[in-house]
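**Student:** Here it is, the structure in full.
Rule-based calculations on the coordinates, nothing more; no lab input. Everything numeric here is computed off the predicted structure, so don't read it as measured data. No Cβ is skipped: glycine too gets one built from the backbone with ideal geometry, and neighbour counts run over all protein chains shown.
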Amino acid sequence: MQTLSSLKDDYENWNKIIKKSEDLIDFVNLLKSEKDVSLKHTAFEEYINLSDIVKNLEFELQLNGEYDSRPAIVSINQGAGGVDAQDWAEMLLRMYIRWSEKKGFNIDTLDLTPGDEAGIKSAVIKITGRYAYGYLRSEKGVHRLVRLSPFDTDHKRHTSFALVEILPEAEEAEAIKINGDDIKLDVFRASGHGGQSVQKNSTAVRVTHIPSGIVVSVQNERSQAQNKEIAFKILTAKLTDLELKRISEKQSKIKGEHVSAEFGRQVRSYIQHPYQMVKDHRTNYQTNKTDEILDGDIDILLKSYLSNQIHVNNKKNTH
């Protein structure tokens, strides 16, 4: 049903473009005998809008990977940088949430661990929408922020790091079956900022998959059963991804190798001082619209990376 719905959307979108193109051609033909400049301006604006729609749909045609149409599980963890890194992790979380909202995608918070003084230590969200994973798979890696620290009384420049991992949600039919003997389950009290919101019962869950060493902690929900269910969902996605890596080299690119979030390993830098710049180190694309990027306008970065990858792959296939 999901495939059918997707195909139906494609069919309707391209039909709308055909209809708009025909209407625009008729309109331009009528304008040939007119001298009204405003009408010509209207026709040109319609042409630009139609071109933008076509470009977006043409780009989505390139998101034809086996997992590109699936929901994306986005994991963000603070790296080196102390409180600034925790604040940076929260800024990245906001960036992806704002991007999702602008796309009209659904966002589910699976887990969120607040920072000691500000920001977050880690967060896991699921973004559901057309080509969510296809777009966001380019975000995996270490993200670096350079700015004047709001937490430094001397207002010195600080560099912070955060690690972003992107996973396609595993479908039930292909999900890895987890052996209960391979699991170590721990429960503990959820952490908080203090006050009445602190959990007095052990509702947080830590699931350790012994053979792989993968550890998933969830404390977002008030129910231990809910936290356990979410933890196993995340673990299943991670194990499925791990299995796909073993199947072939092509599938091993889905998540990328694990790297530590520290200097020298960043895929993208965000500079707020002494100048404004966002640079993707994989494509060398850069822009000075740092504030807009952090507010969720990341399509230009996503498309730049994905288009570059498609070009590289086509070049390899040619050789």
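**Student:** Which helices of the chain meet both criteria: a Cα extent of 27 Å or more along the helical axis and a mean Kyte-Doolittle score no lower than 0.0, with helices taken as whole DSSP H segments?
**Tutor:** Span-like helices in the chain: 37-61.
**Student:** Next question. Could you work out which residue, out of Glu169, Glu58, Glu90, moves most in a Gaussian network model of the chain, that is, has the largest mean-square fluctuation with Cα springs under 10 Å?
**Tutor:** It is Glu58.
**Student:** Using the C-alpha gyration tensor of region 2-61, what are the square roots of 5 times its eigenvalues, in whole angstrom, with the largest one first?
**Tutor:** Values for region 2-61, descending: 30, 12, 6 Å.
**Student:** Helix-derived [θ] at 222 nm for the chain: sum -39500 (n - 2.57) over DSSP H runs of at least 4, divide by residue count, nearest 500?
**Tutor:** So the calculated ellipticity at 222 nm is -14000 deg cm²/dmol.
**Student:** Could you sort 298-304, 5-11 so that the peptide with the highest average Cβ count within 10 Å comes first and the rest follow in order?
**Tutor:** With the highest mean Cβ count within 10 Å placed first, the list reads 298-304, 5-11.
**Student:** Quick one: order Arg246, Arg70 by neighbouring beta-carbon count within 10 Å, fewest to most.
**Tutor:** Arg246, Arg70
**Student:** Say the cut-off is 25 Å between C-alpha atoms; which of Lys238/Lys289; Lys121/Lys228; Lys40/Lys103 go over it?
**Tutor:** Lys238/Lys289; Lys40/Lys103
**Student:** With a point put 7 Å past each Cα toward its Cβ, work out how far Lys103 is from Leu31 in nm, to one decimal.
**Tutor:** Simple spin-label model gives 3.4 nm for this pair.
**Student:** Still on this structure, please answer the following. In debye, nearest 20, what is the charge dipole magnitude of the chain about its Cα centre with +1 on Lys and Arg Cβ and -1 on Asp and Glu Cβ, if you could check?
**Tutor:** I would put it at about 660 debye.
**Student:** Given the options Tyr11, Val28, Phe44, identify the residue whose Cα lies farthest towards the positive end of the charge dipole of region 2-61 (+1 on Cβ of Lys, Arg; -1 on Cβ of Asp, Glu).
**Tutor:** Looking along the dipole axis, the top candidate is Val28.
**Student:** Ok, one more. If the elastic network links every pair of Cα atoms under 10 Å, which of Asp152, Asp26, Asp297 fluctuates the most in the Gaussian network model of the chain?
**Tutor:** In this elastic network of the chain, the residue with the biggest mean-square fluctuation among Asp152, Asp26, Asp297 is Asp26.
**Student:** Here's something else I'd like to know. Mind putting together the pair-distance distribution for the chain? All Cα pairs, 10 Å bins, whole percent per bin, short to long.
**Tutor:** 5, 21, 29, 23, 13, 6, 2, 0, 0
**Student:** Can I ask one more? Between beta-carbons, use under 11 Å as the cut-off and find the net charge around Trp88, counting Lys and Arg +1, Asp and Glu -1.
**Tutor:** Result for the local shell: 0.
**Student:** What list of ³J(HN,Hα) couplings, whole Hz, do you get for region 162-171 from phi and the Karplus terms 6.51, -1.76, 1.60, once you set θ to phi - 60° and write x for glycine and proline?
**Tutor:** Each residue's phi maps through the Karplus curve to give 8, 9, 10, 10, 10, 10, x, 5, 6, 7 Hz.
**Student:** In a Gaussian network model over the chain where Cα atoms closer than 10 Å are linked, find which of Gly180, Gly296, Gly141 has the largest mean-square fluctuation.
**Tutor:** Answer for the Gaussian network model of the chain: Gly180.
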